[in-house]
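A.B. asks: I have a structure here, written as structure tokens, and I will follow up with some questions on it.
The values are calculated or read from the model by the stated rules, or taken from the named source; none is laboratory data. Remember, it's a predicted structure, so these values are computed and weren't measured experimentally. For neighbour counting, all protein chains shown are included, and Cβ atoms are generated from backbone atoms with ideal geometry for every residue, glycine included. These area figures cover heavy atoms from the full protein model, side chains too; ligands, DNA and RNA do not enter into them. Shrake-Rupley method; radii C 1.70, N 1.55, O 1.52, S 1.80 Å.
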Amino acid sequence: MNFLLETLKVLLLSLWFSLEALWRALVPARRKSVAGETVLLSGAGSGLGRLMALEFARLGARLVLWDIDEEGNKETARLIKEEYGTRAHTYTCDCSKREEVYKVADQVKREVGDVTILVNNAGIVTGKKFLQSPDALLQKTMEVNSMAHFWMYKAFLPAMIAGNHGHLVSIASSAGLVGVSGLADYCASKFAAVGFAESVGLELLAAGCDGVKTTIVCPFFINTGMFDGANTKWPRLMPILDPEYVCRKIVDAVRRDQVLLCLPRSMYLVIALKNILPVKVGLLLGAYLGAFDFMAKFKGRNKSD
């Protein structure tokens, strides 16, 4: 009897959430204000991280900028000061190192206060076939792109739960949803980031902590420098994305409390096909996503995606 009741409950909730998703698609949610929120961005020293920092600053948020690149981080803070007249707090931190994350997080709490919007954005890519990838680079990819999210959540999520207010943003990748040839370690790290973020979101839901929102971002490859030389063979369906466009969509998704953002929109179709079609078709989709040419070597640095 309990099994039947639980099954019925799941079916009814699934129907409810499906109808809610349809309603949201027809009538988008109102954008919440981020003015006065304390936004911590990892990988803020360049690329997408810098653009998001500037956009959140434009909307009136207080910025806490983390990056392993001290000079790049300071440049982002200088641009915020120059354009919006507000101070951004900068911290040099290698997010792959657990103790360093905890140490710098404690410093942020003392000097700035509790973080209310956490954006895990720092990422690296090896850019080599799996068997040609040095062990140290494979390990670093996992540490930066996935394990760092563990330490960041451990450091800042408790305060959000205590106040039932906050937002967790995971900048993952389309390569965290579909495997791509030539990016084995990167895909593994991004699959881990997606699974982790989804699971934490479910834990919050089960605990009744409805004031802490989650957003998972899965874009196709972005023209930020990480994937220099990448040319997609189907630019109309799967274009290399403009970072300013991606930035605007991410910030808008946060303001709408959107749980999952895939870019471009064709990625939603790819995900649906992978989930309902045979395994071999899923592998073909991975080949489809991997159908681009690399003219230059990846930089593979601890920078934003």
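A.B. asks: Report the relative contact order of region 29-79, percent, no decimals, based on alpha-carbon pairs under 8 angstrom and at least 6 residues apart.
C.D. replies: Rounded, it is 42 percent for region 29-79.
A.B. asks: Also, quick follow-up: Let me have the relative contact order for region 19-112, percent, based on Cα pairs under 8 Å that are six or more residues apart.
C.D. replies: Over region 19-112, the number comes to 22 percent.
A.B. asks: Any chance you could tell me what percent of the C-alpha pair distances in region 22-93 go past 17 Å?
C.D. replies: Pairs farther apart than 17 Å: 41 percent.
A.B. asks: In percent, what relative contact order does region 46-169 have, based on Cα pairs under 8 Å that are 6 or more apart in sequence?
C.D. replies: 23 percent
A.B. asks: Still on this structure: With every protein chain left in place, what is the accessible area per residue of region 1-148 in square angstrom, probe 1.4 Å?
C.D. replies: Dividing the accessible area of region 1-148 by its residue count gives 56 Å².
A.B. asks: What FRET efficiency comes out for Leu12 versus Met142 if R0 is 51 angstrom and r is the Cβ-Cβ distance? Round to the nearest 0.05.
C.D. replies: It comes out at approximately 0.85.
A.B. asks: Return the FRET efficiency for the residue pair Lys81, Glu203: r is the Cβ-Cβ distance, R0 is 30 Å, and the value is rounded to the nearest 0.05.
C.D. replies: Calculated transfer efficiency: 0.20.
A.B. asks: Separate question: Let's see if you can work this out: charge +1 on each Lys and Arg Cβ, -1 on each Asp and Glu Cβ, no other charges. What is the dipole magnitude of region 41-198 about its Cα centre, in debye to the nearest 20?
C.D. replies: Magnitude of the dipole: close to 140 debye.
A.B. asks: Could you order the peptides 36-45, 205-214, 192-201 from most to least packed, using the average number of other C-beta atoms within 10 Å per residue?
C.D. replies: Ranking, from highest mean packing down: 36-45, 192-201, 205-214.
A.B. asks: Further question: Taking all protein chains as present, what is the carbon and sulfur share of the accessible area of region 74-147, in % to the nearest whole number, probe 1.4 Å?
C.D. replies: 51 percent
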